[in-house]
Structures are given as C-alpha cells and as structure tokens.
Amino acid sequence: MGSAWALKFLGDVDSGAKLEAVSLIQPGDELTHLYSELSSAALLASYGFVPSEAMENPHEAALIDLMLPEAIQGSGAPKDLAPRHWKDETTLLFEVPWDAEEEAGPAYAALFAMLAREEERELVEQGRPPTRLRLAAAEVLRERIQDALDKNLAGERQLSRDDLAGRKHAKFEAKLRRAAVRLLRNERPLLEDELAFTEEQCSSLRTQLEESQL
C-alpha cells in the first residue's frame, strides 16, 4: 500500500503556492496532491471524491456513536464538549483513532462521567479514574467499534447487491455507490485496527484489575 499523496501545496493565494514532494517519486509515477488533511468522508463531502482504497490516507477517521443513558440525558448530560462530539442531544460521538486512543481527552472524560459509580466520581473529577471504570469505558468502546465494523461490512454487501437497472439516474447513482463502497473500504482497516487496540486495552486493564484484587 503506497502513500495517498505524492505532493502537497505550500504557500497561499496572496504569496503564491508551490507543490512539494512528500514521498519518493519515480519517473512515470502518477502525481497526486493533498487537497486538505481530511478523512475520506470529509474529502467526499468537501471535494466530491474518495481516495482509492489502494492508497493510504494518514488522515483517515471514523465516527463511533454512543447513546447517553436515559438517566443523564438532557440537563444531566455533559455540556462542556465541542459540537463535533455530539450527533444529537442524546448521542455522544467518538472520532477514531483520536478520541478512542486519548484516555485523557474530553470524550473519554464524558464517558467516565457517564459510567462512574457514586464513590468513583471524585476520582474522575480529579482525572484519576479507577481501573474498574477504565475497563468499563474500554469495553463500551470495543462494543461500539465492533458494531461499526459490522455495519461497514453489511453496508458494502447491500450496495453491491442493489440493482440499478431501469433507474432514471442509474449512471449517476452507480457513481455515488462506487464512491460509497470506496469510503467503506477506506474506513474498514481503521476500524479493524481500533478494534484490536481496544481489545488489547481491555485485556491489559482486566489483568491489572485482577492483580489489584489479589
């Protein structure tokens, strides 16, 4: 798998810009450039294209949603998170890999607050979540990442099965579906890596918890 971008723009509209190589270029290589440091989904939304799944986008990301428990929805829900962390008033969003691997970050802090027992709340507020709580949070994320991966696979199967024959805009729909399939394929390795990361994290925390109880 090669680098997604051979070139990047430097400079601005006022002073002028130039293209600079960011990877080794051989004679005859196709020259590709970085539009913006965005995930496949953001590139599709902003520029109307998705990088080929044969390329590696270092800015790839995926969103994992997490429904807030009914007990803390509304006024009890954490309100100090940036808008990007919210799907709606009842659903928290984790961006992987960034939020899912940053235990000291705001999204994890919200998850700790949601899962903490009464006697653990002071430790959470001090930024010292106990091992039991860290394990509970990691297990929630692992489950949601697995769900996202399952939906990713099911989505590609559905798109591949749908018959567009006879549709008024069949050619345009086919183009959109090809982009959607590429998007799903680009996100899948990231979800698989994050699932492996959270499974390893859960195993490590489970061992720590067992050792502390001996």
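The values are calculated or read from the model by the stated rules, or taken from the named source; none is laboratory data. This one's a predicted model, so the numbers in the text were calculated from it and none came from an experiment. Heads up, the Cβs are rebuilt from the backbone with ideal geometry, glycines too, and the neighbour counts pull from every protein chain shown.
Selection of first residues in the stretch 99-113 that are free of Cβ contacts under 8 Å to residues at least 12 places away in the same chain and of second residues that are surrounded by 20 or more Cβ atoms within 10 Å (Cβ to Cβ) and charged (D, E, K, R), restricted to Cβ pairs under 8 Å at least 6 apart or on distinct chains, gives the following pairs, ordered by first then second residue: GLY105/ASP99.
Any residue that is touching a Ser or Thr at 6+ places or on another chain (Cβ under 8 Å) and either in the same structural domain as TRP98 (by TED's automatic domain parsing) or closer than 30 Å to LEU38 by Cα (or both) - is there at least one of those in the stretch 119-138? Checked against the condition, which is being touching a Ser or Thr at 6+ places or on another chain (Cβ under 8 Å) and either in the same structural domain as TRP98 (by TED's automatic domain parsing) or closer than 30 Å to LEU38 by Cα (or both), the stretch 119-138 yields at least one hit.
Number of residues in the stretch 179-204 that are touching a Ser or Thr at 6+ places or on another chain (Cβ under 6 Å) and closer than 23 Å to GLU103 by Cβ: the value is 0. Applying a threshold of 7 Å to beta carbon distances and a minimum spacing of six or more residues, or different chains, the list of pairs starting in the stretch 131-159 at a residue that is closer than 13 Å to ALA100 by Cβ and ending at one that is among the small types (Gly, Ala, Ser) and part of a helix (DSSP H, G or I) is empty.
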